[in-house]
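Below: the structure, in structure tokens.
Please treat every number below as a calculation from the coordinates, not as lab data. These numbers were taken from a predicted model, which means no experiment stands behind them. In this analysis, Cβ positions are derived from the backbone assuming ideal geometry, glycine residues included, and neighbour counts consider all displayed protein chains.
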Amino acid sequence: MAMQDLYEIAEAIVADGKGILAADESDSTIKKRFDSIGLESTEDARRAYRDLLFTTAGAEEYVSGVILFDETIRQSALDGTPFPKLLQGKGVIPGIKVDKGAKPLALTDGETITEGLDGLRERLAEYHELGARFAKWRATYTIGGGKPSEYCVWTNAHALARYAALCQEAGIVPIVEPEVLQDGTHTLEESATATGRVLQALYTELHDQRVDYRGTLLKPNMVLSGYEASSRAGVDEVADATLEVFYKHVPASVPGIVFLSGGQSDEDATAHLNAMNRRGPHPWKLSFSYGRALQAPALKAWGGKPENVEAGKRAYYHRAKMNAAAATGVYAPEMEREAAGVA
Ligand code: 13P
């Protein structure tokens, strides 16, 4: 596999004003999302929902890649076109979640290790055949009570690097996703410390395992005060604290940092990304790889009803457009009013 191809894929994903739609919810996660609108999670319902998102006209102006779940990469759209082919036809790069989830890490008090390395080389070969050109592996960490432990930080970094090396061997760009969960009462500083430790371990392991940073993307959390903290940092403080951590720990050769939204409100996720880009230029592109922050209004507007498909598409298109603006630092809250007729 020529590394040059990987560089080009990674750069295309973070082309100016473009980001990723994370639509790779596992069966249990999509069930939770559908529960919120009172919809049973059947294979047909999941197909109809992903069809709504992927056939939204014009979203490809803002979305360069879509992360799929195993079921979806094998599924076809309502018109019979396989989903990966439908996306490629719009110039959107198909990606695939390849981890098997965060499981209890032995001998810890509630920390997790992400599984899925066994057989990964063979699965990657098949996903490449099915059209995937990038992949995702998510590790999770919690803050507080001595967590994350060094044990959790380093075992997950090791697994992320093993995954990334296998991806590069297979001609697939690895998105490495170390998510420090922002639930709890922690301060902004505690989030910054935990995020920095996790990134330092990650880039040490990636280097030691021969991964070429230029053929990777980073998908991290933003540095936030805990969602339940009594006093929470505002947009400018979040932007400054997050950038400070990345400047210390993320090599300049990484082409892009595509944030997860991690339970922030849609508009907070957009405003934070915008504030960071307004402070640019930076060594890396800063963009989005949002799940909930791109999908929540669309899911609500759709509500599982065929007559609401157009309203769902309008809501998704609008959030994609707002986040694309934030990816170049030209977003303004007044632009939200363009959503007229949706909310
Ligand atoms: P959220 O943006 O909803 O956090 O999802 C992104 C993601 O892919 C988490 O793994």
message: Need the C-alpha centroid separation for the stretch 1-72 versus the stretch 278-343, integer Å.
response: 14 Å
field: GluC sites (Glu not before Pro) restricted to DSSP loop in the stretch 1-63 with at most 11 other C-beta within 10 Å
entry: GLU40
- prompt: Counting pairs of alpha carbon atoms under 8 Å apart in space and at least six apart in sequence, what relative contact order in percent does the chain give?
  reply: 18 percent
- prompt: ³J(HN,Hα) across the stretch 305-318 via Karplus (A = 6.51, B = -1.76, C = 1.60, θ = phi - 60°), whole Hz, x for Gly/Pro?
  reply: 10, x, 5, 9, 4, 5, 5, x, 5, 4, 5, 5, 4, 5
task: Give LYS248/LYS313; LYS100/LYS300; LYS100/LYS285 a once-over and call out the pairs whose C-alpha atoms are over 32 Å from each other.
output: LYS248/LYS313
statement: Among trypsin sites (Lys or Arg not before Pro) in the stretch 197-265, those in a DSSP loop whose Cβ has at most 11 other Cβ atoms within 10 Å are ARG210
field: Taking the stretch 184-343 and dividing mean pair separation by its residue count, relative contact order in percent (alpha carbons under 8 Å, at least six apart)
entry: 21 percent
statement: Cβ density ranking, 10 Å radius, fewest first, applied to SER230, SER36 yields SER230, SER36
- prompt: Counting pairs of alpha carbon atoms under 8 Å apart in space and at least six apart in sequence, what relative contact order in percent does the stretch 1-147 give?
  reply: 21 percent
Share, in percent, of DSSP beta bridges within the chain that are antiparallel, nearest 5: 15 percent
message: Which lysines, if any, have their Cα less than 27 Å from the Cα of LYS103, not counting same-chain residues under 8 positions apart?
response: LYS31, LYS32, LYS136, LYS147, LYS219
